[in-house]
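K.L.:
I'd like to ask you about the structure that follows.
The values are calculated or read from the model by the stated rules, or taken from the named source; none is laboratory data. Please read all numbers here as calculations on a predicted model, not as lab measurements. Glycine gets a Cβ as well: all are built from the backbone with ideal geometry, and neighbour counts include every protein chain shown. Surface accessibility is based on the protein's heavy atoms, side chains included, excluding ligands, DNA and RNA. Shrake-Rupley method; radii C 1.70, N 1.55, O 1.52, S 1.80 Å.
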Amino acid sequence: MNNLENKNSDTEGINGSQIKDTGFSNLKYLVVGIAFGIVFVKAEIISWYRIQEMFQLQSFFMYGVIGSAVMVGIISVWLIKKFDIKTIQGEKIEIQPKTFSKGQIYGGLLFGFGWAITGACPGPLFAQIGTGVTVIAVTLLSAILGTWFYGFIKDKLPH
Amino acid sequence: MNIIEILKEPWPWYVSGPLIGLTVPILLIIGNKSFGISSSLRHICAMCIPANISFFKYDWKKESWNLFFVLGIFLGGVIATYLLSNPNPVVITPELSAQLATYGITDHSGLVPKDLFSWESLFTLRGFIMIVVGGFLVGFGTRYAGGCTSGHAIMGISNLQWPSLVATICFMIGGFIMANLILPYILSL
């Protein structure tokens, strides 16, 4: 069993490396995060308005963003597998498969509700706080509490 | 127009979408990390309030890259706002603008409407639902679904995982139902 798996095969965002990260090697992810956060803000993906326009089919913008991101992702993963590209540390790249659970339906719908209300998925929450909308820190705390509550009642939920 | 002024304009989807997609191979190649953001919330729980719950009993330090990544997203937000800020108000579709005006939401000077997301608003019923209940649903729903837009819609579909496609379709259905059928009632509160 890998580090994150806990009977519900939730391995999102998993560290597939066997090499121990140090504080210094983790700075790489800080830098990638900064670049990512800048794109989030400059493309206005973190805008509540863009999310409303997406769900009310008023604008193509978010479909273009997500669609082109997925296309680049699919091609990248295909190339990595096809040419057996290694990490910069020389490791084989490991991607955990996702296994189906009913949680993807129930949880997916609930997250969809939250996404349309807050206009944010978890990533944009961090960026929104960075743009100076400090009250979103409350939304983030509430999301952490929601995550905790899921862990608390997980075994009673259908999966 | 110089380069900084171009960067200050809102970036088009065909620039930002592919840049977001590139995060997938970059994270894999620099350290075998699978792209996913909502997992950071789980690590924060594991770090701060594990409360002996099995779901939070794992070596969160091994996953700490994710916390550096989200700290970076926060700093990216700071940098984009203070160095590359668009001087003009956010452009929104006339339909949305007209709709929001009926709920008294007219201040479009920021990326999120100030009439909904502010400390004053937090203590109204409408603001509480938008800020607190919305956040709770995001945290609970993503974890129940085993991922969010990044973990499922981008990373999972990039790896051609059909459960991620199911999750993504459900995110969209939930969003459509909320934005079109339920949110109008919340906004009228």
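K.L.:
Here is a check on your reading of the model: is residue A:147 at the interface with chain B (Cβ under 7 Å from one of its Cβ atoms) and assigned to a helix (DSSP H, G or I)?
P.N.:
In short, yes.
K.L.:
Do we find that residue A:79 is part of a helix (DSSP H, G or I), within 14 Å of residue B:24 (Cβ to Cβ) and either open to solvent by 20 Å² or more (accessible area, probe 1.4 Å) or not basic (Lys, Arg) (or both) in this structure?
P.N.:
On the way: part of a helix (DSSP H, G or I): yes; within 14 Å of residue B:24 (Cβ to Cβ): yes; either open to solvent by 20 Å² or more (accessible area, probe 1.4 Å) or not basic (Lys, Arg) (or both): yes.
In short, yes.
K.L.:
Return only the number of the condition from (1) outside any loop (DSSP other than H, G, I, E, B); (2) in contact with a Phe, Trp or Tyr (Cβ under 7 Å, 6 or more places away or on another chain); (3) under 30 Å from residue B:62 (Cα atoms) that residue A:46 does not satisfy.
P.N.:
(1)
K.L.:
I've got another one for you. Show the residue pairs meeting these rules: Cβ distance below 6 Å; 6+ apart or different chains; first residue within the stretch B:30-41 and free of Cβ contacts under 8 Å to residues at least 24 places away in the same chain and at the interface with another protein chain (Cβ under 7 Å from one of its Cβ atoms); second residue polar (S, T, N, Q) and not in a strand (DSSP E or B).
P.N.:
These pairs meet every condition: B:32/A:17; B:32/A:87.
K.L.:
Right, next: Give, as residue ranges, the helices (runs of 4 or more DSSP H) completely inside the stretch B:106-189 that count at least 2 residues that are crowded, with 22+ Cβ neighbours inside 10 Å. Can you show your working first?
P.N.:
Numbers: elements: B:119-122, B:125-128, B:134-145, B:162-177, B:183-187.
Once the helices (runs of 4 or more DSSP H) in the stretch B:106-189 are filtered for at least 2 residues that are crowded, with 22+ Cβ neighbours inside 10 Å, what remains is B:134-145, B:162-177.
K.L.:
If you go through the stretch A:58-74, how many residues are within 17 Å of residue A:120 (Cα to Cα) and more than 7 Å from chain B (Cβ to nearest Cβ)?
P.N.:
Here the count works out to 2.
K.L.:
List the residue pairs whose Cβ atoms are under 8 Å apart, where the first residue sits in the stretch B:75-98 and is closer than 11 Å to residue A:58 by Cβ and assigned to a helix (DSSP H, G or I), the second is modelled with pLDDT of 85 or more and not polar (S, T, N, Q), and the two are 6 or more positions apart or on different chains.
P.N.:
B:96/A:49; B:96/A:53; B:97/B:108
K.L.:
Please verify whether residue A:31 is modelled with pLDDT of 90 or more, open to solvent by 40 Å² or more (accessible area, probe 1.4 Å), within 27 Å of residue B:86 (Cα to Cα) and not assigned by the TED database to the domain that holds residue A:120, treating the condition exactly as stated. Before the answer, list the steps.
P.N.:
Details: modelled with pLDDT of 90 or more: yes; open to solvent by 40 Å² or more (accessible area, probe 1.4 Å): yes; within 27 Å of residue B:86 (Cα to Cα): yes; not assigned by the TED database to the domain that holds residue A:120: yes.
Against the criterion (modelled with pLDDT of 90 or more, open to solvent by 40 Å² or more (accessible area, probe 1.4 Å), within 27 Å of residue B:86 (Cα to Cα) and not assigned by the TED database to the domain that holds residue A:120), residue A:31 qualifies.
K.L.:
What pairs come up if the first residue lies in the stretch A:129-144 and is within 17 Å of residue B:85 (Cβ to Cβ), the second is polar (S, T, N, Q) and open to solvent by 30 Å² or more (accessible area, probe 1.4 Å), and their beta carbons are under 9 Å apart, counting only those six or more places apart or on different chains?
P.N.:
From the stretch A:129-144, the pairs are A:130/B:81; A:131/B:81; A:131/B:85; A:132/B:81.
K.L.:
Let me ask something additional. I'd like to verify a number: residues in the stretch B:42-55 that are touching a helix residue (DSSP H, G or I) at 6+ places or on another chain (Cβ under 6 Å), at the interface with chain A (Cβ under 7 Å from one of its Cβ atoms) and outside any loop (DSSP other than H, G, I, E, B), how many?
P.N.:
Count: 4.
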